[in-house]
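Take a look at the structure set out below.
The values are calculated or read from the model by the stated rules, or taken from the named source; none is laboratory data. Bear in mind that the values here come from a model prediction, so they are computed numbers and not experimental data. Here the Cβ positions follow ideal geometry from the backbone for every residue, glycine too, while neighbour counts run over all protein chains shown. When the accessible area is computed, the model is the full protein with side chains, heavy atoms only, and any ligands, DNA or RNA have been set aside. Shrake-Rupley method; radii C 1.70, N 1.55, O 1.52, S 1.80 Å.
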2 protein chains.
Amino acid sequence: MAVVCSVTTLAAVLFNFVLLFSFTVGAYPTPGQFTEGQPWPLPWNISYYDFNHTLSPGKFNFKTAYKCDIIDQAFIRYQKLLFPSSKKWDDNIDDDFGAGNDADPSLTFLTVTISEECPTGVPQLGMDESYKLDVPSSGAAVLTAAQVWGALRGLETFSQLLFHPDGDENVYKMRAAKIRDYPRFPHRGVLLDTSRHFLPVNSLLANIDVMAHNKFNVFHWHIVDDQSFPYESKTFPNLSVKGAYSKRHIYSQDQIKSIVEYARLRGIRVVAEFDTPGHTESWGKGQPNLLCDCYDDHGKKKDEQALIDPTKQSTWDFLLALFKEILEVFPDHYIHLGGDESWFWIPSCWKNNPIIQQFMNVYGFGNDTQKVENYYFQNFLKLVDRARRGAKFIVWQEVLDNAVDASEAIAHVWKGGSYAEQMQEMATVTANGHYAMLSSCWYLDIFKYGSEEIEGYYKCDPQGFKGSVAQKNLVLGGEAALWGEMVDATNVMARLWPRASAVAERLWSDPAQTASFTDAWPRLHEMSCRLIHRGYASQPVNGPSFCPIPYSGPPS
Amino acid sequence: MAVVCSVTTLAAVLFNFVLLFSFTVGAYPTPGQFTEGQPWPLPWNISYYDFNHTLSPGKFNFKTAYKCDIIDQAFIRYQKLLFPSSKKWDDNIDDDFGAGNDADPSLTFLTVTISEECPTGVPQLGMDESYKLDVPSSGAAVLTAAQVWGALRGLETFSQLLFHPDGDENVYKMRAAKIRDYPRFPHRGVLLDTSRHFLPVNSLLANIDVMAHNKFNVFHWHIVDDQSFPYESKTFPNLSVKGAYSKRHIYSQDQIKSIVEYARLRGIRVVAEFDTPGHTESWGKGQPNLLCDCYDDHGKKKDEQALIDPTKQSTWDFLLALFKEILEVFPDHYIHLGGDESWFWIPSCWKNNPIIQQFMNVYGFGNDTQKVENYYFQNFLKLVDRARRGAKFIVWQEVLDNAVDASEAIAHVWKGGSYAEQMQEMATVTANGHYAMLSSCWYLDIFKYGSEEIEGYYKCDPQGFKGSVAQKNLVLGGEAALWGEMVDATNVMARLWPRASAVAERLWSDPAQTASFTDAWPRLHEMSCRLIHRGYASQPVNGPSFCPIPYSGPPS
């Protein structure tokens, strides 16, 4: 565990010097340096008019002829975001602070036009998120989009053109601008892990809100793992009764449905991950005989069970029934099937296991446990397809590195030490013809002191590898991964934001216009302060600073 | 900035392996492994009876014949802590969860006896914090202390004997125990920095509460620094008007008084730090001619002012008037006068400065800027003594390392790379006859991934150096220092706790009984869950785990 930051005590002293030096001589932006009314992530085409509108609470409306619950709900949300009903004042505000509240507004409505019909289902990979937004200095403000998903992104951008000069919450100014915008990548995700630590429903919902503010469109829910099984299965209730940390650490199916619905209304997909054949120790608690017994190198049975046992028919019956249920609960076309790090358990739980040895003998696999893993996955993918015809797969890259036949599956790339190695992983996976999405450089659970961390996130590019155009076109995006070993409800919000915001811009915006983190910082700082003003605990990541409107707790 | 953790991307991959390995093979405690009803920090003498009391809301009282606002208020606080009036239920609780609420209580009161009179002022260094607590299996529960400060510590311990079996908040059990307890060190502090980022008053108050739960007794308020000057001076209002980030980022004197009072009621000293002659850039904004102009090595004036100018009479007049005020606002006998890192500005702002050069010439200092610094401090200490007769000083170790004559001052030790070097600093300072307190190993602003970090905090010992008994006796304690570069209201609570709790036990408890972090962890985990149950965002620091009663937001 000492690899990354092994010299704390030395560091304490060095950093005191280094910080001082850095913050004093201007290697960091001036505290409080930020933009006003500039969106994050950066739109592909944005030109500002030399004019700021004045808006006034109670004198602004969204208008549309479009009938759709998604838009109806979005209007309510953005009305509240623009004009929070309950102001929180702190003790330092003068009574006359807030002149301008009664100013005559120059902008009183935004008209939203959407060409395609209101969708009946959840958003899916490939949804059209493009939009056009015109907020001219005079005349009507108009937002147009082909699909409702694009309109949601446009509403977010519109809300970010608003600013409060000098932090005066009673003065509502809005930049006049013309915007043409669309995402660079179709898969822009955040991974949260609810097995190492449980995250209560309200934490997940709050993060879905902040994801929407950052134009993320996938909540990758790493819902179960070795440590706990918080998913409530109706088919196999013992999985959570025995596998969850406690009965207070379980997601009911009703709760899961409410989360999927909450995300749908914000144009966010919920892609669940049920990781097998490794990372399944908690599964074994509620499902006897599912996991293999493990043995030491002398053939002595260990007090440990791990890796799903592919030799038993009961295993396959269980998996079919479970995934039938899962694929009803999670309506996304894709399911994440995991498949990482089996190597860790294979020596003791498969290689040393006499039942698996016999199985390998029968199947002519010799000593090659890789063939067992591929056998497992080959059959498992067919099974999941039986569970829901046409189900699509995301897997951690090992599965495809190991040449399991799953040409349509998306390889989730997480390997690579240096950035160069990470890019080589992307090159290899795409050279093998697989769709790919990147997380290697965005393991946000690993944290370190200093502002170069977020700059590193910002500069990592999923298409930054050497490869053909065809290879680059296989890149669908990436995910910020916040593994849960050190994260729970107490710190998930501050740990994730604004660090994931850096990833958000990389996945949405034009790389040519977002090459410099130094240029981006004032706008990112405004975004972080915007999140704080909206009630989310977006933490400092780049040295001394302040937000004109200080943090005053979660949204009411 | 790349010294500590320069290999994030490599780390991401390595750690995924390492984490997996660690958490799987049992290098970490089992998730959810914790004690029930065991206090943190560990009392010096505690023996448990083989009996747990049942308590019942509405059927328990604190009793005393002692007339004192501190005790009156403490009874109200601990009544609420033991029996929170507003329960927060989550959706996973069964309706029948909570049987036992109406159980017949076996303990219905605690009698508190204090021998010395109710103090008229704030707590000071040397307050008596010892107490005896008897909660027998039958008969009266009694808390006795010489001073009210000891009674406060005993009430905290009493509250920590309470536990809720299996996280059932409606069942109140309390360990029967006999305790004799007192602190190892008289100075046990937490440093918060409100200059790099402003911390709102409610953040400071909440942390004072958590400090009390951990038996800390000093809030070291690093209130101003280069970046901002949030202290409202009545004598020099421009200091904050021009030096604070904004008018929303200022502590009024009324607010400061309320903080000092809040801390007094909890037996916590507020020791303010006004750091000079360096770290003063924000001072110069509201007080022209206070700071020196700085010059490059070719004698060209830079666009920078830093270091207080000791050559002007106006400087000394200003400092006298300001510190007269400060020493009224902060009634602690001690004031922290800073004095660190002047070396950083000295070359350009003193050595290259013609006015200082002339001054050095007149005073016969030659080229020795150290003599200027010592001149400054020697005169400054006299001035502060004039500002309030008998004022006592804490200074960063440089001041005393540089042999300024201040034999009664406490050296605040922050230097030393390795633990061995930190201990050598303590040895040197005490060999020179100075009182000392340690922060070098407890710079909590520097953070790193992995559970060995908190183990390092736990194992660091202020008396762990080689030295005589007389030297060891000069050690007054230490402080967990949370510098503010990356800390504001969004993350201060989770960043500080439970990491500072490790420091709390080292400063309070018997080192012989607290040598093993592995032994301490289940009790520290209970403490962290206790803080969470009380509404404070104490974050995970040691891998996967859960609290039986999940976090549900700040206290109401």
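Apart from one condition, A:TYR66 fits all of (1) surrounded by 15 or more Cβ atoms within 10 Å (Cβ to Cβ); (2) at pLDDT below 95; (3) of a type in the set (Ser, Thr, Tyr); the exception is (2). Just checking, does the stretch A:227-238 include any residue being touching a strand residue (DSSP E or B) at 6+ places or on another chain (Cβ under 7 Å) and either more than 30 Å from B:GLU169 (Cα to Cα) or open to solvent by 10 Å² or more (accessible area, probe 1.4 Å) (or both)? Yes, because at least one residue in the stretch A:227-238 is touching a strand residue (DSSP E or B) at 6+ places or on another chain (Cβ under 7 Å) and either more than 30 Å from B:GLU169 (Cα to Cα) or open to solvent by 10 Å² or more (accessible area, probe 1.4 Å) (or both).
Given the criteria open to solvent by 10 Å² or more (accessible area, probe 1.4 Å) and either in a helix (DSSP H, G or I) or in contact (Cβ under 8 Å) with a residue 40 or more places away in the chain (or both), does A:PRO310 qualify? No; evaluated as a whole, the condition is false for this residue.
Might you check whether a residue that is of a type in the set (Phe, Trp, Tyr), farther than 24 Å from B:PHE198 by Cα, modelled with pLDDT of 95 or more and under 21 Å from the mean Cα position of the chain (by Cα) occurs anywhere in the stretch B:457-472? Full working, then the answer.
Initial filter on the stretch B:457-472 (of a type in the set (Phe, Trp, Tyr)): B:457-458, B:465.
From what's left, farther than 24 Å from B:PHE198 by Cα: B:457-458, B:465.
From what is left, the residues that are modelled with pLDDT of 95 or more are B:457-458, B:465.
Of the ones still in play, those that are also under 21 Å from the mean Cα position of the chain (by Cα) are B:457-458.
Yes, the stretch B:457-472 contains a residue that is of a type in the set (Phe, Trp, Tyr), farther than 24 Å from B:PHE198 by Cα, modelled with pLDDT of 95 or more and under 21 Å from the mean Cα position of the chain (by Cα).
Residues in the stretch B:500-528 that are crowded, with 24+ Cβ neighbours inside 10 Å, out of contact with any Ser or Thr (no Cβ under 8 Å at 6 or more places or on another chain) and within 14 Å of chain A (Cβ to nearest Cβ): B:ALA502, B:VAL503. For residues that are within 14 Å of chain B (Cβ to nearest Cβ) and open to solvent by 10 Å² or more (accessible area, probe 1.4 Å), scanning just the stretch A:254-281, find the one that is nearest to A:THR311 (Cα to Cα). Here the answer is A:GLU281. For the stretch B:389-417, the candidate set comprises residues that are assigned to a helix (DSSP H, G or I) and within 17 Å of B:LEU474 (Cβ to Cβ); within that set, the residue that is most open to solvent (accessible area, probe 1.4 Å) is B:ASP401.
Of the residues that make up the stretch A:486-497, is at least one open to solvent by 10 Å² or more (accessible area, probe 1.4 Å), part of a loop (DSSP other than H, G, I, E, B), out of contact with any Asp or Glu (no Cβ under 8 Å at 6 or more places or on another chain) and modelled with pLDDT under 95? Checked against the condition, which is being open to solvent by 10 Å² or more (accessible area, probe 1.4 Å), part of a loop (DSSP other than H, G, I, E, B), out of contact with any Asp or Glu (no Cβ under 8 Å at 6 or more places or on another chain) and modelled with pLDDT under 95, the stretch A:486-497 yields no hits at all.
Return the residues of the stretch A:184-241 that are acidic (Asp, Glu) and away from chain B (no Cβ under 14 Å); say none if nothing qualifies. Show your work before the answer.
Step one: of the stretch A:184-241, the residues acidic (Asp, Glu) are A:193, A:209, A:225-226, A:232.
Result: A:ASP209, single match.
Tell me whether the stretch A:315-336 contains one or more residues that are within 14 Å of another protein chain (Cβ to nearest Cβ), open to solvent by less than 20 Å² (accessible area, probe 1.4 Å) and out of contact with any His (no Cβ under 6 Å at 6 or more places or on another chain). For the stretch A:315-336, residues within 14 Å of another protein chain (Cβ to nearest Cβ), open to solvent by less than 20 Å² (accessible area, probe 1.4 Å) and out of contact with any His (no Cβ under 6 Å at 6 or more places or on another chain): absent.
Among the residues of the stretch B:431-456, count how many are farther than 30 Å from A:ARG495 by Cα and more than 22 Å from the chain's Cα centre (by Cα). Even if it seems obvious, please write down each step before you answer.
Residues of the stretch B:431-456 that are farther than 30 Å from A:ARG495 by Cα, as a first pass: B:431-437.
Subsequent filtering for residues that are more than 22 Å from the chain's Cα centre (by Cα) retains B:431-433.
The qualifying residues number 3.
In the set (1) open to solvent by 10 Å² or more (accessible area, probe 1.4 Å); (2) closer than 26 Å to B:VAL384 by Cα, the condition left unmet by B:ALA420 is number (2).
Quick one: in the stretch A:446-484, of everything that is open to solvent by 20 Å² or more (accessible area, probe 1.4 Å) and assigned to a loop (DSSP other than H, G, I, E, B), which residue is farthest from the other protein chains (Cβ to nearest Cβ)? So the residue we want is A:SER468.
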